[in-house]
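One structure below.
The values are calculated or read from the model by the stated rules, or taken from the named source; none is laboratory data. Treat the numbers as computed from the prediction; the structure is a model and nothing was measured. Cβ sites come from the backbone with ideal geometry, for glycine too, and all protein chains shown count toward neighbours.
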Amino acid sequence: MSIAAYKRTISETESPRQIERRVLSRATSELERLGPEYDAAERGLDRLTFLANGLRDALWQNQKVWLAFQHDLAQEGNTLAPDLRAGLLSLSHWVDTHTRGVLLGQNKVRPLIEINQTIIRALDGNTLQAME
């Protein structure tokens, strides 16, 4: 099956919400796999090693998801409630800033994972659990 046909099949069988959840879950699982050792590292050199060994790519994949969210949220035709859109845009800007801090060795990965997990639960429809 060609890539175009595969993409068409996915878009015909999954809702946009399901696609968002799947893509964010994939990015989150990479952060979960690579982030704990980075967060536990006390030396900057150790953190640089973890970044070079895949974490930087995982952060970039996560960043691409959030940039796509930003783009979608900023579109005039977006049907989310204005307050929710504003909150998610603010959150996406926080993700940008926090990610830069991780790349500089100043922030931990765990808060990015927690934010993603909250959004994944919300995309699943578990809004009460997402609010906890």
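The table below lists the values:
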read-out: Boolean, Asp83 is more than 16 Å from Pro111 (Cβ to Cβ) and of a type outside the set (A, V, I, L, M); value: yes
read-out: The stretch 78-93 residues that are surrounded by 14 or more Cβ atoms within 10 Å (Cβ to Cβ), paired with ones that are of a type outside the set (Ser, Thr, Tyr) and assigned to a loop (DSSP other than H, G, I, E, B) (beta carbon under 7 Å, 6 or more apart); value: Arg85/Asn78
read-out: Residue within the stretch 4-19 that is modelled with pLDDT of 90 or more, in contact with a helix residue (DSSP H, G or I) (Cβ under 6 Å, 6 or more places away or on another chain) and of a type outside the set (A, V, I, L, M) present; value: no
read-out: Among the residues listed as Gln129, Gln117, the single one being touching a helix residue (DSSP H, G or I) at 6+ places or on another chain (Cβ under 8 Å), surrounded by 11 or more Cβ atoms within 10 Å (Cβ to Cβ) and at pLDDT below 95; value: Gln129
read-out: Residue check for Phe50: surrounded by 13 or more Cβ atoms within 10 Å (Cβ to Cβ), of a type in the set (Phe, Trp, Tyr) and closer than 21 Å to Ser15 by Cα; value: no
read-out: Close pairs from the stretch 40-61: first without any contact (Cβ under 8 Å) to a residue 60 or more places away in the chain, partner surrounded by 12 or more Cβ atoms within 10 Å (Cβ to Cβ) and of a type in the set (Gly, Ala, Ser), Cβ under 6 Å, at least 6 apart; value: Arg47/Ala41; Arg47/Gly105; Gln61/Ala27
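Residue-wise test of (1) farther than 18 Å from Arg17 by Cβ; (2) modelled with pLDDT of 95 or more; (3) more than 10 Å from the chain's Cα centre (by Cα).
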{"site": "Glu76", "(1), (2), (3)": "yes, no, yes"}
{"site": "Leu84", "(1), (2), (3)": "no, no, yes"}
{"site": "Leu88", "(1), (2), (3)": "no, no, yes"}
{"site": "Val95", "(1), (2), (3)": "yes, yes, no"}
{"site": "His98", "(1), (2), (3)": "yes, yes, yes"}
{"site": "Gly101", "(1), (2), (3)": "yes, yes, yes"}
{"site": "Val109", "(1), (2), (3)": "yes, yes, yes"}
{"site": "Ala122", "(1), (2), (3)": "no, no, yes"}
